[in-house]
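Some notes on the structure that comes next.
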Amino acid sequence: MIQRPRRLRGNAILRKMVRETRVDKSSLIYPIFVQEGDNIREEIPTMPGQYRYSVDRMSEKLDSLKKAGVDSVIFFGIPDTKDEVGSGAYAEDGIVQKALREARRQYGEELYLITDVCMCEYTSHGHCGVLCGHEVDNDQTLKLLAKTALSHAQAGADMVAPSDMMDGRVLAIRNELDQNGFTNIPIMSYAVKYASGFYGPFRDAAGSAPTFGDRKSYQMDFHNRKEGIKEALTDIEEGADLLMVKPALAYQDIIREVADLVEVPVAAYSVSGEYAMVKAGTQLGYVEEERMIAELAIGAYRAGASIYLTYFAEEVARLMEEGVIG
Ligand code: PBG
């Protein structure tokens, strides 16, 4: 008998009926850049359509996210000054801490506030930890990461997400949070994070490119799969409540493998370079933006992610609303 898979493709309603990947707006997280200063809404040159907001103007974006049905954001901070030990990361009046207090005041429980926990936006050398000579000192950094996560929780964060890739940071953060009464704050670990050229536009946005060397001594080598599994399992053992794989686009095999293996929710982060490629390709007239956005998103979900971080969160929510995807 001839097999006729086309039978299920002949009608738009039927095609939707037999979709294998079902997605929902509640799984979307939007990364937002907040910057010191007043009255700032500055476009990021390498990420057209994305902006850095001062705290007094971030509600312009937060309101429109809420309206689109996106209820979760992850904050990235851009401080005024940087130093060797990244003290802006854990300052009580640091930029992320101020943004959290203001978002909480304005939105109460209506927005879910996640923070990226890392040092690279706050260190003068741009590395994700403190240095000992030209090396990032893992264990000294752990103390500062824990301090940063605690200060975020104290300022109102609902969840913290360490992205530094130091060994042992989930445990260090869990202990610090627990000892200070924040046993209920979940940790979403950037567990499987590769050293990637796809982060270029982000570093432009956050001014966080390292001033010397690269991140290859702490972020993963993109050739490795088993090492990614090890990172995932280690972070679960240390107490991570959710895991992330990052980037999303060139790493769908890793998303699948981690999702099949672990019993916690898995998030995929479609990073700045993925966004920039779509935007640049669209501007040149080479690709159709909406279809690319849709396929990037469904690709991550189909691979096994149940949470999706994307600069296109509003667009993805609209595509879901319209039934184009989902
Ligand atoms: C901080 C951090 C980075 C990203 C998320 N958290 C940059 C980096 O590791 O260099 C990248 C996000 C993106 O490219 O969209 N360490």
Roughly how many percent of the accessible protein surface of the chain is carbon and sulfur, given a 1.4 Å probe and a whole-percent answer? 49
Relative contact order [Cα under 8 Å, 6+ residues apart], the stretch 66-138, whole percent: 38
Please find, in a Gaussian network model of the chain (springs between Cα atoms separated by less than 10 Å), the residue of 172, 267, 12 whose mean-square fluctuation is greatest. 12
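Run lengths n ≥ 4 of DSSP H only: what is the helix-derived mean residue ellipticity at 222 nm for the chain, with -39500 (n - 2.57) per run over all residues, to the nearest 500? Could the numbers behind the result be given before it?
Details: 11 runs with 124 residues, N = 326.
Calculated at 222 nm, the ellipticity per residue is -11500 deg cm²/dmol.
Work out, step by step, the length gained on full extension between residue 306 and residue 227: first 0.36 nm times the residue separation, then minus their alpha carbon distance; give nm to one decimal.
Working: separation 79, 0.36 × 79 = 28.44 nm, distance 2.19 nm.
Extending this stretch completely gives an extra 26.3 nm.
Can you tell me which of 64-73, 145-154, 2-11 comes out highest on packing, and rank the rest after it, using the mean Cβ neighbours within 10 Å?
Details: 64-73: 18.1, 145-154: 23.8, 2-11: 8.1.
In decreasing order of mean packing, 64-73, 145-154, 2-11 become 145-154, 64-73, 2-11.
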So, relative contact order of the stretch 24-313 in percent, Cα under 8 Å, 6 or more apart, is 18
Using only Cα atoms and rounding to the nearest 10 degrees, what angle (0 to 90) does helix 95-107 make with the longest principal axis of the chain? 60
Determine, for each peptide in 25-34, 114-123, 277-286, the mean count of other beta carbons within 10 angstrom over its residues, then list the peptides with the highest first. 114-123, 25-34, 277-286
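Based on the alpha-carbon gyration tensor of the stretch 157-260 and its eigenvalue square roots a ≥ b ≥ c, which shape applies: rounded if a/c is under 1.5, prolate if not and a/b is larger than b/c, or oblate?
Working: a/c = 1.92, a/b = 1.30, b/c = 1.48.
Oblate, since a/c reaches 1.5 and b/c is not below a/b.
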Solvent exposure ordering (accessible area, 1.4 Å, most first) of 246, 226: 226, 246
What lysines does residue 279 reach when the alpha-carbon gap must be under 30 Å and sequence neighbours fewer than 8 apart in one chain are set aside? 16, 25, 61, 66, 67, 193, 216, 246
If you take the square roots of the eigenvalues of the alpha-carbon gyration tensor of the stretch 39-121 and sort them as a ≥ b ≥ c, do you get rounded (a/c under 1.5), prolate (a/b over b/c) or oblate? oblate
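Quick one: what do you get for the stretch 24-313 if you divide its Cα Rg by 2.2 N^0.38 Å? Display every interim value, and only then the final one.
Numbers: Rg = 17.5 Å, N = 290, 2.2 N^0.38 = 19.0 Å.
This ratio for the stretch 24-313 stands at 0.92.
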Answer with one residue from 312, 77, 45: the one whose Cα lies farthest towards the positive end of the charge dipole of the chain, charges on Cβ with Lys, Arg +1 and Asp, Glu -1. 312
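Could you rank the peptides 194-205, 309-320 by their average count of other C-beta atoms within 10 Å per residue, with the highest value first? The partial results should precede the final answer.
Values: 194-205: 19.9, 309-320: 22.9.
Those peptides, ordered most packed to least, come out 309-320, 194-205.
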Against the longest alpha carbon principal axis of the chain, how many degrees, from 0 to 90 and to the nearest 10, is the axis of helix 138-154 turned? 80
Just to verify a number: FRET efficiency for residue 295 and residue 212, C-beta to C-beta distance, R0 = 30 Å, to 0.05? 0.20
Say each of residue 1 and residue 137 gets a label point 7 Å from the Cα, pointing the same way as Cα to Cβ; how far apart are those two points in nm? 7.1
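Considering only protein heavy atoms, what per residue accessible area in square angstrom results for the stretch 24-313 with a 1.4 angstrom probe? Let's see the in-between values first.
On the way: 11700 Å² over 290 residues.
Value for the stretch 24-313: 40 Å² per residue.
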Just the accessible area for residue 223, please: 1.4 Å probe, Å², rounded to the nearest 10? 140
Evaluate the charge dipole of the chain about its Cα centre and quote only its size in Debye, nearest 20, assuming +1 on the Cβ of each Lys and Arg and -1 on the Cβ of each Asp and Glu. 1500
Could you work out how far apart the two model spin labels at residue 178 and residue 11 are, taking each label as a point 7 Å from the Cα in the direction of the beta carbon, and quote it in nm? 5.6
For helix 169-179, what angle does its Cα long axis make with the longest principal axis of the chain, in degrees from 0 to 90 and rounded to 10? 70
Dipole-positive endmost among 86, 153, 207 within the stretch 24-313 (Cβ charges, Cα centre): 207
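The values are calculated or read from the model by the stated rules, or taken from the named source; none is laboratory data. Please read all numbers here as calculations on a predicted model, not as lab measurements. Every residue, glycine as well, gets a Cβ built from its backbone with ideal geometry; the counts of neighbours run over all protein chains shown. Keep in mind that these areas ignore ligands, DNA and RNA; they rest on the heavy atoms of the full protein, side chains included. Shrake-Rupley method; radii C 1.70, N 1.55, O 1.52, S 1.80 Å.
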